[in-house]
Amino acid sequence: MEDRPKPKFPAEGQVNLPTESAETGLEFTGYEISADGNYFNQFMHYDQLYRLRHGVNSRFFMELLNGRIFGTRCPRCGDSFVPPRTNCWRLDCRLQPTEWVEFPPTAKVHTWTVAGWSGRSSLKRLPLVLVYAFIGDSKVAIANELHGIEPWQAEFGMPLKVVFRNAGERVGAVTDFWFEPADGWRPPRMNAERKRIKALVEPVYAWVATMK
Ligand SMILES: [Zn+2]
């Protein structure tokens, strides 16, 4: 077979994306708490209704309703985890059960990406910056959106703050909060890579502007 040139997308000046979407997509619609106050089930609608049982991780979700980040800490080695781990991950700790602790509303970017496409419920908010971030001194990272920033300004290791929805709008889901740059953070200067990302997301902004 002869070598063919690699196709390049999109063609100059052309972006072929759908101009509207009538679908609403995934939504966390509500929750229920067990009579003893220890267990939390999430209701999620995605074409049909789902009930997500959070079991021993329930407290993480219930505290989101209170606008607080709770995770776990190993009483033997001190490693801490958001999202929570039920047992320590260190072999030396021999599956030591962890304890619940409150974390500060501060975080640091571990890694990030810019989403130019998404599920139906987020289409109109594209492009989205998604990060994996360490909250407080957590040894594991949690995924969420990074708001208050241009997509090409995201940086590895940048300091963040946790921002919650208003109390009446929370449903005990990770969508109850998002990240924003920490107070005092200054956007980095443009460089070749940031210009490249900017050029990639500009058609996405143009497309979203055409959506109803
Ligand atoms: Zn441990």
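Derivation of every value follows stated rules applied to the coordinates shown; laboratory data play no part. As the structure is a computational prediction, the values presented were derived from the model and not from experiment. Cβ coordinates were reconstructed from backbone atoms using ideal geometry, including for glycine residues, and neighbour counts include every protein chain displayed.
The HN-Hα couplings worked out from phi for the stretch 144-151 by the Karplus form 6.51 cos²θ - 1.76 cosθ + 1.60 (θ = phi - 60°) are 6, 7, 10, 9, x, 8, 6, x Hz, whole numbers, x standing for Gly and Pro. 3J(HN,Hα) along the stretch 106-113: 10, 8, 9, 5, 8, 8, 8, 8 Hz, from the Karplus curve 6.51 cos²θ - 1.76 cosθ + 1.60 with θ = phi - 60°, whole Hz, x for Gly and Pro. Considering only A115, G78, G55, and ranking their Cα positions along the charge dipole of the stretch 27-208 that arises from unit charges at the beta-carbon of Lys, Arg, Asp and Glu, the one farthest toward the positive end is A115.
Taking amide H atoms as placed 1.01 Å from N in the peptide plane, the amide H of D79 lies under 5 Å from those of C74, each 5 or more residues away in sequence or on another chain. Seen against the Cα atoms of the chain and their longest principal axis, helix 192-208 is set at about 90 degrees. From the P(r) of the stretch 27-208, can you give the percent of Cα pairs sitting at distances over 20 Å? Looking at the stretch 27-208, the distances longer than 20 Å represent 60 percent of pairs.
What do you get for Rg/Rh of the stretch 112-212 when both radii come from the Cα atoms and Rh is the Kirkwood radius?
On the way: Rg = 14.5 Å, Rh = 14.8 Å.
Using Cα coordinates only, the ratio equals 0.98.
Within a 10 angstrom radius of the beta carbon, how do D3, D176 rank from fewest other beta carbons to most?
Details: D3 5, D176 21.
Taking fewest neighbouring Cβ atoms as first place, the list is D3, D176.
For V101, the residues whose amide H sits under 5 Å from its own are G71, T72, R73, ignoring neighbours fewer than 5 places away on the same chain, with H placed 1.01 Å from N. The charge dipole of the stretch 27-208, taken about its Cα centre with unit charges on the Cβ of Lys, Arg, Asp and Glu (plus for the first two, minus for the last two), comes to roughly 420 debye.
About the Cα centre of the stretch 126-190, how large is the charge dipole given +1 on each Lys and Arg Cβ and -1 on each Asp and Glu Cβ? Please answer in debye to the nearest 20.
Values: 6 positive and 8 negative charges, 17 e Å.
Computed charge dipole of the stretch 126-190: roughly 80 debye.
In the chain, helices alone account for a calculated mean residue ellipticity at 222 nm of -3500 deg cm²/dmol, with every DSSP H run of four or more residues adding -39,500 (n - 2.57).
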